[in-house]
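**Q** Please see the structure below; I have some questions.
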Amino acid sequence: MIIFFMIALALSGITAFPAETELSWLIAHPAWVPAGLQDWLRNCYEALHNTNSKYPMLAYGYDWLAFAHLVIAATFIGPYRDPVRNKWVIDWAMMACFAVFPLAFIAGRIRQIPIFHILIDCAFGLFGSIPLFICRRWIGQLEKL
């Protein structure tokens with residue numbers, strides 16, 4: 001479960017590096033995108049493309065976002081190697097997953113993000129907490145041994 005979580009976290013971060021390319025590909029292949037999302041993705045692509053064309057330094061924020069995901073994923077090496085001693089990492093990550101909800105709803109509204117996208121972001125917190133909860137239960141069983 002820890003390795004699965006590490007891989008999922010790293011992959012979600014790595015996808016931030018080529019965001020403009022990914023959006024370009026999605027809008028070029030509308031069959032892969034639900035009809036209701038096509039306009040939103042096209043708008044996101046245009047905003048990102050125009051920003052990257054005029055102000056490429058802002059994309060550096062995406063690079064740091066991706067890097068942060070990789071660093072956070074590496075944090076789970078501790079619980080993988082010694083789960084009982086490093087259970088605090090799992091507890092911290094569970095708190096982070098729950099913190100996704102207020103951030104998504106507060107910042108999402110301020111940034112004019114559509115509700116469907118806010119819910120997608122919340123899904124990361126919800127589905128991320130499931131393997132962490134399982135790990136936490138297994139660590140509890142290890143502690144009893």
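**Q** Give me the Å³ per residue figure for the convex hull around the C-alpha atoms of segment 82-145.
**A** Working: hull volume 4.0 nm³, N = 64.
Spread over its residues, the Cα hull of segment 82-145 gives 63 Å³ apiece.
**Q** How much length is gained on full extension from ARG85 to ILE7, taking 0.36 nm per residue of separation minus their Cα-Cα distance?
**A** On the way: separation 78, 0.36 × 78 = 28.08 nm, distance 2.18 nm.
Between ARG85 and ILE7, full extension yields an extra 25.9 nm.
**Q** Continuing with the same structure: Given labels modelled 7 Å from the Cα in the Cβ direction, how far is it in nm from ARG109 to PHE17?
**A** 3.7
**Q** What FRET efficiency, computed as 1/(1 + (r/R0)^6) with R0 = 30 Å and r the Cβ-Cβ distance, is obtained for ALA99 and ARG42, rounded to the nearest 0.05? Present the calculation step by step, with values, prior to reporting the outcome.
**A** On the way: r = 31 Å, r/R0 = 1.03.
FRET efficiency, ALA99 to ARG42: 0.45.
**Q** Give me the distance in nm between label points sitting 7 Å out from Cα along the Cα-to-Cβ direction at VAL33 and TRP92, one decimal.
**A** 3.7
**Q** Then there is this: What is the spin-label model distance, in nm, from PHE133 to ASN52 if the labels are put 7 Å beyond Cα along the C-beta direction?
**A** In this crude label model, PHE133 to ASN52 measures out at 3.7 nm.
**Q** Please give the helix 35-54 orientation as an angle from the longest Cα principal axis of the chain, in degrees from 0 to 90, rounded to the nearest 10.
**A** Relative to the chain, helix 35-54 is tipped by roughly 80 degrees.
**Q** So for the chain, what are the equivalent ellipsoid semi-axes in whole Å, largest first, each being the square root of 5 times an eigenvalue of the Cα gyration tensor?
**A** Working: eigenvalues 224, 55, 39 Å².
After diagonalising the Cα gyration tensor, the semi-axes are 33, 17, 14 Å.
Just so you know, all these numbers are worked out from the coordinates, no wet-lab data involved. All values derive from a computational prediction rather than experimental measurement. Heads up, the Cβs are rebuilt from the backbone with ideal geometry, glycines too, and the neighbour counts pull from every protein chain shown.
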